[in-house]
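Comments concern the structure below.
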Amino acid sequence: IVGTGISGLGIAHALNSLSSEDNEFELSLFDARTGLNPQDGAGIQLNGGLAALGKIDKDLQRAVMDAGMPQVGIRSRTKAWDNPSSSNFDTLLELDLLKLVRNAGGETTAELVQEDGT
């Protein structure tokens, strides 16, 4: 499986769950990066992918939700394709979600801001 985003991991889990003693799958995951590193702009954003994960396995969906951290901001960055080893990034978009939700007020804030303020 090429790509270890939520789709690649979801497919790996689904195929693995179909595996049995009579019909065993051997899976290999490949990704351009060796691990998640926020300094490189890597991460897994769970929005529509989390709903898809729930269709595959509700228990796994809950485990991912419980392991996740509240999203308080979005930063979309890029580096030049011709120089992927560069440490320079250009910021495409930056949003302070917590500030936006608090400014919305009312039910939006009540539903989305947790007791600890995040």
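FYI, it's all coordinate maths here, none of it is from the lab. Every value quoted in this text rests on a predicted model; they were computed, and no experiment measured them. Cβ placement follows ideal geometry from the backbone for every residue including glycine, while neighbour counts extend to all protein chains displayed.
Descriptive notes on the structure:
- Stretchable slack from Leu29 to Lys99, in nm (0.36 nm times residue separation minus alpha-carbon distance): 21.5 nm
- Placed amide H near Gly3: partners under 5 Å, 5+ positions off or other chain: Phe30, Asp31
- Label-to-label distance, Ile11 versus Asp57, with points set 7 angstrom from Cα along the beta-carbon direction: 1.7 nm.
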